[in-house]
Structures are given as C-alpha cells and as structure tokens.
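See below for the structure under consideration.
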Amino acid sequence: MKKIAFFTLGCKANQAQTELIKSRYGVRGARIVDFREQADVYVINTCTVTEDADRKSRQAIRRAIRQNPKAKVIVTGCYAKLEKSNLIELFPQIMIQDFSSLAPRPSYPPPRIRANIMIQDGCEHFCSYCIVPHARGKIKSKPLEQIMEEANRLVEAGAKEIVLTGINLGTYEFNLAAAIFRLSSIKNLYRIRLSSLEPMYITKELINAVAGTPKACQHLHIPLQSGDNSILSAMNRNYTRDKYLDLIHYIRSQMPDCGITTDILVGFPGEGENEFQNTIDLINQIRFSRLHIFSFSPRKGTPAAEMPNQIDPKVKKERSEILHKLRAKYMTEFASRYLSKEIEILVEQNGEGLTENYIRIIYSGKENDIGKLHKLTIKEVKEDFCLAK
Ligand code: SF4
C-alpha cells in the first residue's frame with residue numbers, strides 16, 4: 001500500500017481543504033503517514049499570507065524532496081497558485097495541483113471529533129496588507145444542501161462538532177444563520193462552531209442565531225487588527241474602533257459568556273506610539289478571551305508594502321511583547337470566572353477537551369471518553385489551559 005504524507009500551512013480553510021484531500025486518498029486506499037516519515041507521495045498545502053509563510057512553504061517542499069527524492073511531491077494552496085512558475089523553476093520535480101476547495105466530500109471522511117467544513121472561498125475585500133484576494137479570487141459559497149450532506153457524513157464517521165470555515169466566512173452567500181439552524185437538526189451532532197468572522201460582515205441576525213441555537217458555540221473570533229482609526233482606514237478595514245466596540249457590546253448583551261477572540265496586526269506602517277496606545281486601550285476595554293498577535297511584514301504585491309513609515313523590526317518586537325503580556329492577563333482573567341465552577345467540555349483526545357467558549361481543559365481522562373460531553377469543575381487556571389476534575 002502506498003504511503004502518503006500531508007503538510008498544511010495557514011488558516012482553518014487550508015486545514016479543511018487538506019482534510020478533504022486526505023479523505024479522497026483514503027478512498028483510494030493509500031496509508032496516511034506522518035510528514036516526517038518517508039512516503040511515496042507528499043502533499044503540501046501552502047500559504048502566502050506573509051513572506052514567512054512563503055518561506056515555510058518552500059522549506060516543507062525541500063524537506064519532502066530530501067526525505068524521499070523519488071517521491072511524488074504535490075504542492076497546492078495559495079502560494080502555489082500565486083507563484084506557480086517560480087516554484088516550478090525552483091523545484092522542477094514538483095507537481096502543482098489545484099484542488100477545488102468547495103468540492104463535496106467523498107464518502108470516507110477521516111474520523112475526527114471536531115471537523116471543519118469549508119463553506120466559502122474567496123475574498124473581495126482587499127485589506128491593504130493582504131495578498132489572499134489575489135490568490136483566492138472571487139467569493140464562492142457552498143449550497144446549504146451540500147453542507148448538510150457533508151455534515152451528515154462527518155457525524156456518521158464520528159464527528160461531534162462541526163466548524164464552518166471560509167476565507168471570508170461572513171460573506172457566505174446563502175445565509176450563515178440559516179446554515180446554523182439547519183445543522184442544529186442533525187442528531188448526534190453536539191456543537192456547531194464558526195471560524196474567524198471579519199467584523200464588517202457580522203450581522204445582528206447572525207449573532208441572534210448563535211445566541212438562540214443551543215448547539216451553536218458561544219465563541220466568536222473577530223479580527224480587530226488595530227484599535228486606531230487612522231490605521232484601520234489605511235488597512236482598508238471599513239470599520240472604526242467605536243463600531244467594533246458596539247459590535248462587542250451587542251454580542252455580550254446577547255451572550256454574556258461568549259468567548260471573544262481576535263487577531264492583532266502590530267507594527268503596520270504609520271503605527272506610532274499614539275496609534276499603538278489606542279490598540280492597547282481597546283484591548284483593555286474589551287478584555288478578549290484570547291489574542292493572536294502577528295507582526296506586520298510587507299507582502300510584495302500589496303499596497304501596504306509600498307507605504308511610507310514602515311516600522312523598525314525592533315519596535316515591532318517590543319510592541320508584540322507588550323501585547324503578549326496582555327494576552328496572558330486577559331486569557332487567565334476570562335478562564336478564572338469559571339474557577340471552582342462546573343463547565344461542560346467536549347472530549348477531543350484522552351484527558352483533553354474544549355468548552356464551547358474555547359477554553360482548553362486538561363483532566364485525567366479515560367480513552368473511552370473521547371467524543372463525549374463531560375461536566376467537570378475547574379481547579380486551576382493556567383495561561384493556555386485549565387486543569388479540571
Ligand atoms: S478580509 Fe482582508 S484580511 Fe481577510 S482575506 Fe480578505 S483581504 Fe485578507
């Protein structure tokens with residue numbers, strides 16, 4: 001039996017796409033092995049969101065070739081799409097393939113407790129720092145019936161939580177709220193989670209759907225990027241700090257326990273001390289349950305790469321460190337609300353699971369707990385997880 005290994009870089013949409021490719025190879029009877037092993041076929045799903053992602057994509061290709069020079073190396077994803085000819089020139093032995101990300105899943109989904117379904121592809125927003133719209137193109141959405149079919153197959157194969165993902169999920173064209181309602185009718189599906197949603201595409205109808213559907217996880221990941229209006233405008237983000245704050249207030253009025261997580265892009269061109277302080281101030285007001293911090297790196301082909309007032313890498317590093325301290329502070333603060341209280345987790349692996357509002361819980365569990373909902377009491381709060389009994 002042939003051995004096949006996968007490597008995925010980048011976002012949840014890419015992970016969903018890799019799962020889809022894996023299920024296809026499963027159908028054909030190949031054995032999936034670890035990427036560090038010698039395989040007959042390597043599939044590398046690349047990312048191009050930053051130049052660092054490009055570098056890591058090339059590194060993975062090099063590694064696959066080194067591990068087995070005779071292997072078939074298939075390269076897909078955003079970087080492969082944008083830099084096809086450069087990649088072929090660098091690595092003449094690779095094959096570049098475009099797997100249609102919205103194709104229906106075949107009848108052999110991999111058994112996973114939390115499974116992604118990619119329901120939307122493409123982005124037409126063109127944030128000034130982002131190359132993704134060039135790689136992914138126009139918005140495409142998966143019809144509701146197709147999502148239901150795929151979700152039913154995943155649940156039959158053992159999935160208990162479905163994560164709806166997309167490149168710009170909020171632009172899903174067939175009504176995201178309706179997708180949540182439909183999915184909630186699936187027996188044996190415990191949870192429905194939404195992956196990242198850009199604030200400019202979140203509607204009250206969607207928030208009400210999450211709040212009013214017991215199976216929908218009260219967790220929303222809403223990239224803020226900056227808390228300064230002039231920087232947000234230079235980023236072409238189409239919202240102000242007040243609009244973002246209004247959105248958070250509305251979410252919390254409907255779901256006081258909602259875990260609200262975000263992305264911050266630190267060191268965007270023109271971000272002086274005042275602008276950075278505005279970001280800190282907004283983080284302090286909102287007290288996110290988790291922050292993902294990225295340092296701006298100029299991406300060739302985007303307007304932000306050509307902007308004046310690029311920030312010194314040393315300053316970016318210092319600011320990033322300040323934000324990491326805030327991350328730790330608010331993560332522990334959020335989880336501490338539940339200290340000594342009973343919470344419910346979905347067990348994803350032996351002794352580990354997530355609450356619906358995205359707190360990772362570690363406990364001494366048994367193997368046959370996997371896929372079950374458990375009520376536990378939080379005993380200790382650590383930075384990235386809690387210990388429970
Ligand atoms: S919304 Fe902005 S950051 Fe997100 S994919 Fe589109 S252009 Fe990139």
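The values are calculated or read from the model by the stated rules, or taken from the named source; none is laboratory data. Only a predicted model underlies this, so the values are computations on that prediction, with no experimental measurement involved. Glycine also receives a Cβ, built like all others from the backbone with ideal geometry; neighbour counts cover every protein chain displayed.
Some values worked out for this structure:
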| read-out | value |
| --- | --- |
| Candidates SER233, SER253 - the one that is over 27 Å from LEU354 (Cα atoms), at pLDDT 95 or above and exposed (fewer than 15 other Cβ atoms within 10 Å of the Cβ) | SER233 |
| Residue list for the stretch 16-31, restricted to those being surrounded by 14 or more Cβ atoms within 10 Å (Cβ to Cβ) and without any contact (Cβ under 8 Å) to a residue 40 or more places away in the chain | THR18, TYR25, ALA30 |
| Check on GLU51, over 23 Å from the mean Cα position of the chain (by Cα), under 22 Å from ARG299 (Cβ atoms) and not aromatic (Phe, Trp, Tyr) | no |
| Some residue of the stretch 54-69 being in contact (Cβ under 8 Å) with a residue 60 or more places away in the chain, under 30 Å from CYS130 (Cβ atoms) and under 19 Å from the mean Cα position of the chain (by Cα) | no |
| Of all residues in the stretch 139-161 being part of a loop (DSSP other than H, G, I, E, B) and buried (at least 18 other Cβ atoms within 10 Å of the Cβ), the one that is nearest to the ligand (Cβ to nearest atom) | ILE139 |
| Residue list for the stretch 162-207, restricted to those being of a type in the set (A, V, I, L, M, F, W, C), within 16 Å of ILE222 (Cα to Cα) and either in the same structural domain as GLN15 (by TED's automatic domain parsing) or more than 12 Å from the ligand (Cβ to nearest atom) (or both) | VAL163, LEU164, LEU176, LEU194, ILE202, LEU206, ILE207 |
| Residue within the stretch 313-331 that is out of contact with any Pro (no Cβ under 8 Å at 6 or more places or on another chain) and in a loop (DSSP other than H, G, I, E, B) present | no |
| Selected residue (criterion: nearest to LEU154 (Cα to Cα)) from residues of the stretch 8-24 that are more than 16 Å from the ligand (Cβ to nearest atom) and of a type in the set (A, V, I, L, M) | LEU20 |
| Residue among PRO223, PRO269 that is within 12 Å of the ligand (Cβ to nearest atom) and under 22 Å from ALA305 (Cα atoms) | PRO223 |
| Hey, THR279 in contact with a Pro (Cβ under 8 Å, 6 or more places away or on another chain) and not assigned by TED's automatic domain parsing to the domain that holds LYS382 or not | no |
| Filtered residue count, the stretch 355-389, keeping only those that are in contact (Cβ under 8 Å) with a residue 40 or more places away in the chain, within 15 Å of GLU161 (Cα to Cα) and not in a loop (DSSP other than H, G, I, E, B) | 1 |
| Residue pairs meeting the criteria (Cβ under 9 Å; at least 6 apart or on separate chains; first under 25 Å from ALA177 (Cβ atoms) and of a type outside the set (Phe, Trp, Tyr), in the stretch 128-144; second in a helix (DSSP H, G or I) and near the ligand (Cβ under 9 Å from one of its atoms)) | ILE139/THR171; SER141/THR171 |
| Residues that are among the polar types (S, T, N, Q) and part of a helix (DSSP H, G or I), drawn from the stretch 219-238 | ASN229, SER230, SER233 |
| Only one of LEU265, LEU245, LEU282 that is in contact (Cβ under 8 Å) with a residue 40 or more places away in the chain, in a strand (DSSP E or B) and aliphatic (A, V, I, L, M) | LEU265 |
